1. Out of (1) of a type outside the set (Gly, Ala, Ser); (2) open to solvent by 70 Å² or more (accessible area, probe 1.4 Å); (3) away from the ligand (no atom under 16 Å from the Cβ); (4) touching a residue at least 60 places away in the same chain (Cβ under 8 Å), what's the single condition that is false for residue 145?
2. Which is of a type in the set (Gly, Ala, Ser), out of contact with any Cys (no Cβ under 8 Å at 6 or more places or on another chain) and part of a loop (DSSP other than H, G, I, E, B), of 379, 359, 338?
3. Select from segment 262-274 the residues that are modelled with pLDDT of 95 or more and near the ligand (Cβ under 8 Å from one of its atoms) and write down the one among them that is nearest to the chain's Cα centre (by Cα).
4. Within segment 96-117, is there a residue that is in a strand (DSSP E or B) and of a type in the set (D, E, K, R)?
5. Identify the residue in segment 76-95 that is part of a loop (DSSP other than H, G, I, E, B) and among the hydroxyl-bearing types (Ser, Thr, Tyr) and, among all such residues, is nearest to residue 134 (Cα to Cα).
6. Report whether or not residue 100 is within 29 Å of residue 198 (Cβ to Cβ), crowded, with 17+ Cβ neighbours inside 10 Å, among the charged types (D, E, K, R) and touching a Pro at 6+ places or on another chain (Cβ under 9 Å).
7. What number of residues within segment 187-204 are more than 11 Å from the ligand (Cβ to nearest atom) and not charged (D, E, K, R)?
8. Within the bounds of segment 306-329, is there any residue that is among the small types (Gly, Ala, Ser) and either within 13 Å of the ligand (Cβ to nearest atom) or at negative phi (or both)?
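The values are calculated or read from the model by the stated rules, or taken from the named source; none is laboratory data. The structure presented is a predicted model; accordingly, all values stated were derived computationally and were not measured. Every residue, glycine as well, gets a Cβ built from its backbone with ideal geometry; the counts of neighbours run over all protein chains shown. Surface accessibility is based on the protein's heavy atoms, side chains included, excluding ligands, DNA and RNA. Shrake-Rupley method; radii C 1.70, N 1.55, O 1.52, S 1.80 Å.
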Amino acid sequence: MSEQNLLEKIVSLCKRRGFVYPSSEIYGGLANAYDYGPLGAELLRNIKDLWWKTFVHEREDIYGTDGGIISNPKVWQASGHTESFNDPLIDCKSCKKRIRADHLIEDELNIKVEGKPLGEVDKIVLENKLKCPSCGSVDLTSVRKFNLLFETSLGSLEEGKDKVYLRGETAQNMFLTFQNVVDSFSPKIPFGLAQVGKAFRNEVTLGNFIFRTFEFEMMELEYFVREKNWEKYFEYWKEEMTGWLTSLGISKDKLRWRRHTEEELSHYSKRTEDIEYDFPFGGFKELYGLAYRTDYDLRQHTKFSGVDLRYRDQETGEEFFPHVVEPTFGVTRTALVALLDSYTEDGDRVVLRLDPRLAPYKVAVFPLLANKPELVKKAREVFEDLKTEFHVAWDDRGNIGKRYYSQDEIGTPWCVTIDFQTLEDDTVTVRDRDTTEQERFKTSELVELFRKRLE
Ligand code: GAP
């Protein structure tokens, strides 16, 4: 299977089986916008819940928060996003397509130019006679800065002063609630704030399904440390991020860390490293980012708001701006990688070998024959029992082989079949998605069995 073919197969499976649909399709859709169907919604929820459990509930040093999408517009001036959150944009004069110049250069010439001065980027486009990827024209505008923040307006504010922004990152919420959390919980440094939520960017995109969209979700941590310790925690979070991905079963050989060049660094960062995945479109690309934001944000908000956001050490009385190490995990990119990495074909059997914790359904329950009321009745009992604890699928259509294949394709780890022997000894078969092996268990053992397997 070719790499590009793999993406096409995932896109098709996602639509057919209810993971991801093109947005507003009945109106002709909207480029780079998607809606998540019943199985996609489960996958996203499972990723977020597992992340929250791992990085908030199972730790004592991280506090979960949930800030608003719209905040005072001064937040984005203070954070530097209104000034510096830009992409280099060119327009095709022939077909009017908006093109991200650095991506065009990277795709055509395999050179990284992110962060380079616009004049330099322009020169590379001209000297290499780069063409519009859509219509092939070389009649392109020169490169200009394009701000990624989405603007909207609030009705209630004074005329002309109503412009607000949809958040471009969840991070700012956590710098804004930093002092509130310190007041409420008196955490000792180092400690972190966590948030999961949507972010919005007016991206100049080149597609690739849900890899880059205008609206996406991120799972983000701001970890506050003493300046002298930042490198130690940077290394620590690198390991945590790698560990999270490998715990989900993502292939190690498809992951690598890449350090940003000086020019590439965001305006707030002194060091950034991306964990990249070997995607079937153009190879290694950013999956997650880890940034050392210094004390930039707390200082900026102190300067712009006039409120002193320094941290006070309760024991020594020392006051200082904590430094920040920021691990950011894209939810939608995690979903895409989970799908790509788990897709396998075995003859005409398609299997999503998803980590069971991420699988939309944990178990499927089938009566062997749908026209035998006694089997259906018993199967319904098993189904009702399991569904109080797990997300369970019910299927009584077609033959049993087809039902297994259908569950394999959406990643359901276990299928339970109620057959005639069940009526005699109260045992059922449990079929494993990955090995296709079947074992018999007592119906009374099932909840505990799946609970254990999901641990
Ligand atoms: N607060 C830091 C920050 O926002 P970022 O590298 O701009 O850093 C973090 O974004 C993560 O969010 C990325 O590593 C990626 O997983 C995800 N992400 C960024 N832009 C995205 C987009 N347009 N569509 C989907 N995911 C995106």
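1. (4)
2. Values: 379 fails: part of a loop (DSSP other than H, G, I, E, B); 338 fails: part of a loop (DSSP other than H, G, I, E, B).
Of 379, 359, 338, the one residue that is of a type in the set (Gly, Ala, Ser), out of contact with any Cys (no Cβ under 8 Å at 6 or more places or on another chain) and part of a loop (DSSP other than H, G, I, E, B) is 359.
3. The extreme case among them is 274.
4. So far as segment 96-117 goes, yes, one or more of its residues are in a strand (DSSP E or B) and of a type in the set (D, E, K, R).
5. Initially, segment 76-95 is screened for residues part of a loop (DSSP other than H, G, I, E, B), giving 79-80, 85, 93-95.
Within this subset, residues satisfying the condition of being among the hydroxyl-bearing types (Ser, Thr, Tyr) are 79, 94.
On the way: 79: 35, 94: 10 Å.
Looking at the filtered set, the residue picked out is 94.
6. Taking the combined requirement at face value, the residue satisfies it.
7. Keep residues of segment 187-204 that are more than 11 Å from the ligand (Cβ to nearest atom), which gives 187-194, 196-197.
Filter once more, keeping what is not charged (D, E, K, R): 187, 189-194, 196-197.
So the count comes out to 9.
8. Taking every residue of segment 306-329 in turn, none turns out to be among the small types (Gly, Ala, Ser) and either within 13 Å of the ligand (Cβ to nearest atom) or at negative phi (or both).
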